[in-house]
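What follows is a set of notes on a single structure, which appears directly below.
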Amino acid sequence: MQNGSLMGKLFDFSFKEFITLQIIKYLYIMGIVFAAITALSTVGAGFATMQYSFWSGLGGILMAPVVFFLLLLIVRLLLEALVATFRIAENTTILVERNAKL
């Protein structure tokens, strides 16, 4: 197995290489899917509520896009913070290795 491959990094017990930056796009896709399912559930709940209270149901339906974009924003901000943390760690490692060579 190659050391640079994802499988090679999964079984690197020294944790010298990070896999987060390789899988972050898949985590974002999962976040988009989660936000979409939640928004669709909000629409469904709004329609179900309409039989009891029209205005509450309509409010739920109209809130679905807001819920979607807020969830997407939260996921994006958290993932960007995670990426920034790992990039700081990688750059710090490079600086330490350069300093050790001096």
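The values are calculated or read from the model by the stated rules, or taken from the named source; none is laboratory data. Since the structure is predicted, the reported quantities are computational estimates derived from the model, not experimental observations. Backbone-built Cβ (ideal geometry, glycine too); neighbour counts: all protein chains shown. Ligands, DNA and RNA are stripped out before the accessible areas are found, and what is left, the full protein with its side chains, is counted by its heavy atoms. Shrake-Rupley method; radii C 1.70, N 1.55, O 1.52, S 1.80 Å.
Suppose we keep only residues that are of a type in the set (D, E, K, R) and under 20 Å from A84 (Cα atoms) within the stretch 10-54. Which one would you say is surrounded by the most Cβ atoms within 10 Å (Cβ to Cβ)? Steps first, please.
Step one: list which residues in the stretch 10-54 are of a type in the set (D, E, K, R), which gives 12, 16-17, 25.
Narrowing further to those that are under 20 Å from A84 (Cα atoms): 16-17, 25.
Details: K16: 9, E17: 14, K25: 10.
It comes out as E17.
For the stretch 57-81, give me each residue that is of a type in the set (G, A, S) and open to solvent by 70 Å² or more (accessible area, probe 1.4 Å).
So the first thing to find is which residues in the stretch 57-81 are of a type in the set (G, A, S), and the list is 57, 59-60, 64, 81.
Answer for the stretch 57-81, where residues must be of a type in the set (G, A, S) and open to solvent by 70 Å² or more (accessible area, probe 1.4 Å): there is none.
Identify all residues within the stretch 82-96 that are open to solvent by 100 Å² or more (accessible area, probe 1.4 Å) and at pLDDT below 90; write none if there are none.
Narrowing the stretch 82-96 to residues open to solvent by 100 Å² or more (accessible area, probe 1.4 Å): 87-88, 95.
None; the set is empty.
Sort out which residues of the stretch 61-100 are in contact (Cβ under 8 Å) with a residue 40 or more places away in the chain, of a type in the set (A, V, I, L, M) and under 16 Å from I23 (Cα atoms), and write them in order of number.
So in the stretch 61-100, the residues in contact (Cβ under 8 Å) with a residue 40 or more places away in the chain come out as 71-72, 75-76, 79, 82-83, 86-87, 89-90.
Now narrow it down to the ones that are of a type in the set (A, V, I, L, M): 71-72, 75, 79, 82-83, 89.
Within the stretch 61-100, V75, L79, L82, V83 meet the criteria.
Is there any pair with a first residue in the stretch 33-48 that is modelled with pLDDT of 95 or more and a second that is exposed (fewer than 13 other Cβ atoms within 10 Å of the Cβ) and part of a helix (DSSP H, G or I) whose Cβ atoms are under 7 Å apart and which are 6 or more apart or on different chains, and what are they?
Taking only residues 6 or more apart or on different chains, the pairs are A39/P65.
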